[in-house]
1. Conditions first: (1) small (G, A, S); (2) farther than 18 Å from C:S92 by Cα; (3) within 22 Å of the chain's Cα centre (by Cα). C:A166 passes all but one, so which condition is the exception?
2. Checking D:L34 against (1) of a type outside the set (V, I, T); (2) over 19 Å from the mean Cα position of the chain (by Cα); (3) buried (at least 18 other Cβ atoms within 10 Å of the Cβ), which single condition isn't satisfied?
3. Check whether at least one residue in the stretch D:38-46 is surrounded by fewer than 18 Cβ atoms within 10 Å (Cβ to Cβ), in the same structural domain as D:A237 (by TED's automatic domain parsing) and not charged (D, E, K, R), and report yes or no.
4. If you check A:A27, A:A20, A:A71, which single one turns out to be modelled with pLDDT under 75 and either buried (at least 20 other Cβ atoms within 10 Å of the Cβ) or of a type in the set (G, A, S) (or both)?
5. Out of the residues in the stretch C:131-142 that are assigned to a helix (DSSP H, G or I), in contact (Cβ under 8 Å) with a residue 40 or more places away in the chain and within 14 Å of chain D (Cβ to nearest Cβ), which is nearest to C:V264 (Cα to Cα)?
6. Test C:R342 against the criterion of being surrounded by fewer than 18 Cβ atoms within 10 Å (Cβ to Cβ) and not acidic (D, E), and give yes or no.
7. Determine which member of the set D:F379, D:F344, D:F406, D:F364 is under 30 Å from D:F322 (Cα atoms) and not small (G, A, S).
8. Do you know which residues across the stretch B:1-27 are within 11 Å of chain D (Cβ to nearest Cβ) and in a helix (DSSP H, G or I)?
Amino acid sequence: MLTRRNVIIMLMSIELILNAVNINLVAFSRLYGSVDGQVFAIFVIADAAAEAAVGLGIILAFFRNRKTIHADEMQLLKW
Amino acid sequence: MVLANVLFYFFALLAVGSAALMITRKNIVHAAVFLVTTLLATAGIFLQLEAEFLFVVQILVYAGGIMVLFVFVIMLVNLDIEVRAVRFNGQWKVAGALAFVLAMQVLTALWLGRKTFHLPAPPTALAARNTEAVADALFSHFMLAFEVASILLLVAMIGAVVMGKRRAE
Amino acid sequence: MNAGHGAAGFGTAHGIDTTVLGENEIILNMGPQHPSTHGVLRVKLRLDGERVVDSECIIGYLHRGVEKIAEHRSYPQFAPYVDRMDYVAAVSNGLGYCEAVEKLLGAEAPPRARVVRTILAELQRIASHLLWLGTHALDIGALTPIFYAMREREEILKIFEKYCGARLTTHAFRIGGLQYETYDTFERDVKRFCEDFAQKIDQYETLLTENRIWIGRTKGVGVLSADDAIALGVTGPVLRASGVEWDLRKAQPYAAYDRYQFEVPVRENGDTYDRYLVRIAEMRQSRLICLQAVEDIPEGAIMARIGKVLKPPPGEVYHSIEGPKGELGYYIVSDGTIQPYRVRVRPPSFFNLQAFHRMARGAMVADVVAIIGSIDIVLGEVDR
Amino acid sequence: MHGFFQSVSAIIWPVLCAVVIVLLLPLLAGYIVLVERKVMAHMQARLGPMRVGPHGLLQPIADALKLVLKEDVIPMNADRMIFWFAPVISVTVALVAYSALPIGPAFQIADLNVGLLFIVAVSSLGIYGVVLGGWSSNSHYSLLGAMRSAAQLVSYEVAAGLALVSVLLLAGSLSMKEIVQAQLDQGVWFVFYVPFGFFIYLVASIAETNRAPFDLPEADSEIVAGYMTEYSGFRWALYFLAEYANVIIVAGLATTLFFGGWLRPLTRYHDHFPGTSIELLDVVPTLLMIALAVYCFRLAPKQPVRVQKRVMAAAGVKCLLFAAILLAALFGSDAVRQGVHGAFWFLVKVGAYIYCFMWFRFSFPRYRFDQLMRLSWQFLIPLALVNVIGVGVAIVLRERLGWNPFMSLVPTTLATLGCAAWLTAEESDFSEEAESSATVGGAEATANRGGE
């Protein structure tokens, strides 16, 4: 994620990370025979959905104004 | 159990392999396709872990919903710019070093703690009805969290609509 | 005369600027091979998402130089060529041309010929509208009306075939009258068709007129105001749907139209739905005209005495008729020889097509198809 | 190794079912196309395919042959890998969904305890085939078709999902088998309990399978063939197969959820033939097949060509064969009888549902994109929400207050009806400016689905 400058790829990488977390949650939920881990995984997925919706909304708005989706060029707030 | 093992390694390899391919692809659509593959492979692993409900949610929400949104946005923004762009920028050395350090850290921790690291044997049979179990937990113990999550989704929905909406000219 | 070029300039003057595209904008090239541009019309669309920002009609893919050919043919020899312009309404084309030349000659067809011409021209109007109805509905996604429409059109074409042997490019009339006497059961065939046809129109209307989706797809789509319509030279059903009551059959009666009672359907809104309703109502009126005309076809000669070799006196003439698609005009200049010096055709589709740019602004891609359909163009006529 | 063989032997029957489905589906899809063309033709006052075989019975085979032999064009600058892969995704996904669909109590590949959700989830993946195919073709028409498709599928999935929830509440299970069992236990098909749920699912399922009047992604008069514009030959056939496979899937889903799946109509009627254990009504399928056979035999001599006569007679013999199988099943064990007759009823219901699809297709013009979106977001989804809430209330009424199941659902239906009337009145007030941008629709969709 650190090495990519395409915001969409960055978002996708976040999804990948969340997914890795989910596997752990579910695996340990199975290990301990309780469904709590699965419930958390569901929350993670809900989170991912929210994050993707807002994130992609921002990307679209940004693309509309600036014609780019490069993180390097998102510097309006830099001093 | 042999079949189960074969399936597990198949899914695991598929997940890891596509994840690696996803972060190295130059073409953003290819990356998205590999991410979908990873997600589906993960869903397969969920199924093996007897989390059927999560297996379906993973496909329905993640692969069928979120990723579709990604692909949709990718097609909305102009792609030609991206194909020409460099894949990695100068920070890859820093990132590589960080990743290496992290990996070493984890390995060391595992090595040092190998004596104390005893996993209990997993229960052989879980509650037969996974969906009901999840629902019970969700609507009793985690009720508050559930409501918060739904508010989060509502806010996200409104946010997405506001961001996606065109300014009236 | 370069009126054609000048008129096309209306579109090209506004030609789409393809160099600077806004956000999310793409250029979409519809045609010339596209299922619903009715032949070989090419429409260049500048789209913002699915919304049309700008449009440009590119024509000429079916140009055959019909007008130029006329300069090297004798007057009767050229008559079959006009059938190839609006090839779905060949009879009307022939009627316009024959009457124009008759005017140039100072001759007039005998009453019997004029009545038969009227009947055939009105049948042709119905046939043309039927074809329009079917394809227009097909463009909007209704798969069934076209087959019903074709079924009735077939009956009309059968009458044509029995009368002159041809179905599509009929060459039904001759300068000065008719070449053929009507066949024995002509009156009966026409009458039977007209009597059945009323109920057939009801069938089409059952499928479309009150259909929510149909209304949603056509109402308020491709609105053309009366002022715009007049300014752009739009004629025919498209003009009348915009609220202008102008029909050459009433305004400058030709053939035998002054003998019959009929109404000119007019609607106010100028959208696709109104154009649909106007054409449907016109089919009913045409049916009434046919019924009246077939009741008493006057006896007598079918050809005027105009001689074997046609040599009109030097001069020029403009004669126009109300074709199925609008004002179909012929401007003929004679230099006193057996060949016209110049023939210029005013095809209705060509002028009506100019209104497309105005109608399509702000529409969606799906509307573009509906609008093109509602103008009812025939490219053979636009390009000539 | 012993465990391995045991697990293998356990999966033989499902694998057999799967193989049969995969082999039969293309044939079935081909014949659905033929039936569709015939139905269309007769609705449009014409004959339809008549040349290849009697009444065009061999037409699907000829078509398939043509498609396979056709040149397979890949456009220049297309993304070859994805272009190659996209139709495969479509077909695979459509076929995978069959694994949870019970065709009768005996023929089901896997009775997942989340079967319903699984089918919905897997069919939602079909979108990738469409979107990627459209994108990789490198053509504006394809891309437009793909975008339309993505927005449409995502929107209507929400409506369809909510409609399914109403049944789910009534059945109290996600397993397809148990849903049918619930209908057997409650003695009524759920379509009578939640007619609005069925209505919403009907509309949404037409939209989800891209059929007219919602066939915008492939609207031939507007964007040529949408995402399939650049495809030809075998790949195109794959898309076609996927489309019809999806039609069968949604029909199967609707049958299972709303029409009692494999249950015979009048399940409560149990009169037997005197002295036997055979129920009177179970003879109906046999009689139907015999009638069909007689019809074929009567048509056979009227065929103009000898080959056609023979094929027609063969069709009659086939019908007789089916009749014999159905009859023989009556004398078999309970499992056999239910398996065979269940499959028969299931297929009959699926066929009726698909017939409705065809009927709509030939009657209605096509929606425009914004109208389509408005229909989903401003009509179907609110309606479905009201319906789901109403069903929830009804269940409380039934279980806590002991109402009669039918009576408890009447208020629900009335409330939904009122809501529909209100929305329709409202809709005519909407000004034209109401802009439902596809992007916004998509974003909302995912956010909503997270909440499901």
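1. Only one criterion is unmet by C:A166, namely (2).
2. (2)
3. Looking for residues that are surrounded by fewer than 18 Cβ atoms within 10 Å (Cβ to Cβ), in the same structural domain as D:A237 (by TED's automatic domain parsing) and not charged (D, E, K, R), one finds none in the stretch D:38-46, hence no.
4. Values: A:A27 fails: modelled with pLDDT under 75; A:A20 fails: modelled with pLDDT under 75.
None of the other options fit; the residue is A:A71.
5. C:L133
6. Values: surrounded by fewer than 18 Cβ atoms within 10 Å (Cβ to Cβ): yes; not acidic (D, E): yes.
Yes; evaluated as a whole, the condition is true for this residue.
7. On the way: D:F379 fails: under 30 Å from D:F322 (Cα atoms); D:F406 fails: under 30 Å from D:F322 (Cα atoms); D:F364 fails: under 30 Å from D:F322 (Cα atoms).
The unique qualifying residue is D:F344.
8. B:V2, B:L3, B:A4, B:N5, B:V6, B:L7
The values are calculated or read from the model by the stated rules, or taken from the named source; none is laboratory data. No experiment lies behind these values; they were computed from the predicted model shown. Please note: Cβ atoms are built from the backbone with ideal geometry, for glycine as well, and neighbour counts cover all protein chains shown.
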